[in-house]
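I have placed the structure first, in the form of structure tokens, so that the comments after it can refer back to it.
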Amino acid sequence: MTTGAPTPSSAARPPRSRLRTFLPLGIAAWLVLEIWLLIVMAGASSGLTVFLLLVAGFVLGAVVIKRAGRRAFQNLSQAVQQGTAPASGGGSGLMMLGGLLLMIPGLISDAVGLLLLIPPVQKALGRYAERVVERKLGKAAPGTLGDAFQQARMHRPDGKVVQGEVIRDEPGSDAPQGPRPPLTH
């Protein structure tokens, strides 16, 4: 029995994004390169040296993650006690990512993890990520999650973010408006 509705075709499926296409290939290439470098390093020195290097990276990564987590928790609890927003730019997220990369066995991941522990690199990556997020939110289509974030954030000249909603009074509008919430800082 047919309903008259057209049957969906495989062409109606949206195209795959570049990330979904190339991410598995990038991960596979990274893994092959990591294994190759470990084999070359073991041939140049000894297997015990490579093993000790991997164990040291794991221990260092665990210590870094623990310290970054404590710092993030202290910033959060301090902000809650003061009734303010948590301080941004602490670099705890990038430190945790660096620690995680140190814990993953491999020389490339260790090098990238150590780079992420350097404060100027953290600041530069933080600024870059902030610009990318702001640009993506600026291009957000109406009705999307990015649009909701854009509507809910208003920046004051001193850099603080004020939660709010813009209500426009249009002339000729007879729509009754309900009570407005009080304005607070």
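FYI, it's all coordinate maths here, none of it is from the lab. Here the structure is a predicted model, which is why all the values come from computation and not from measurement. Please note: Cβ atoms are built from the backbone with ideal geometry, for glycine as well, and neighbour counts cover all protein chains shown.
Take peptides 51-60, 71-80 and line them up by average Cβ neighbours within 10 Å, highest first, as a rough protection proxy. Spell out each step's value before the answer.
Details: 51-60: 14.9, 71-80: 12.9.
In decreasing order of mean packing, 51-60, 71-80 become 51-60, 71-80.
Grab the other residues whose beta carbon is less than 15 angstrom from that of Val59, score K and R as +1, D and E as -1, and report the net. Display every interim value, and only then the final one.
Details: positive: Lys66, Arg67; negative: Asp110.
Net charge in that neighbourhood comes out at +1.
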